[in-house]
Amino acid sequence: MEKLIEKMIEFVGIFVYFIIALALSLILVGVSFVFATKKADPEKISAYECGFDPFDDARSRFDIQFYLVAILFIIFDLETAFLFPWAVSLRRIGLPGLIAMGIFLGLLLIGFIYEWKKGALQWE
């Protein structure tokens, strides 16, 4: 029984941490309910989607420009996500890693030039 109590004592710190975290989160939620603004203006609580009136027909057509910009954002967001770990580990991966990243960036550059030539970057 004493061994069980000794093992349980090791977890007291974690238990106290969870109790403090729970209490703090409940206090913060309670404070936000007490001091929150009760009346919001209609403009602040209205839905907002891509600059379109949210009360139109849901089946209305979108300009293809929105999709092209979204694709460009995703492409360059992924590029950034791959560049950070690559830069950190460049010394370990050496020349093959440099060549692989060069090919990757070259493919992205080809896609960017294609989008540029198609006029995706010019807003009308």
From the phi of every residue in the range 16-25, what ³J(HN,Hα) in whole Hz does the Karplus formula 6.51 cos²θ - 1.76 cosθ + 1.60 yield, where θ is phi - 60° and glycine or proline is x?
-> 4, 4, 5, 5, 5, 5, 5, 5, 5, 5
Applying 1/(1 + (r/R0)^6) with R0 = 35 Å to the Cβ-Cβ distance of residue 86 and residue 64, what FRET efficiency is obtained, to the nearest 0.05?
-> 0.60
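Since every read-out is calculated from the coordinates, none of them should be taken as a lab result. Keep in mind the model is a prediction, meaning the values are calculated, not measured. Glycine gets a Cβ as well: all are built from the backbone with ideal geometry, and neighbour counts include every protein chain shown.
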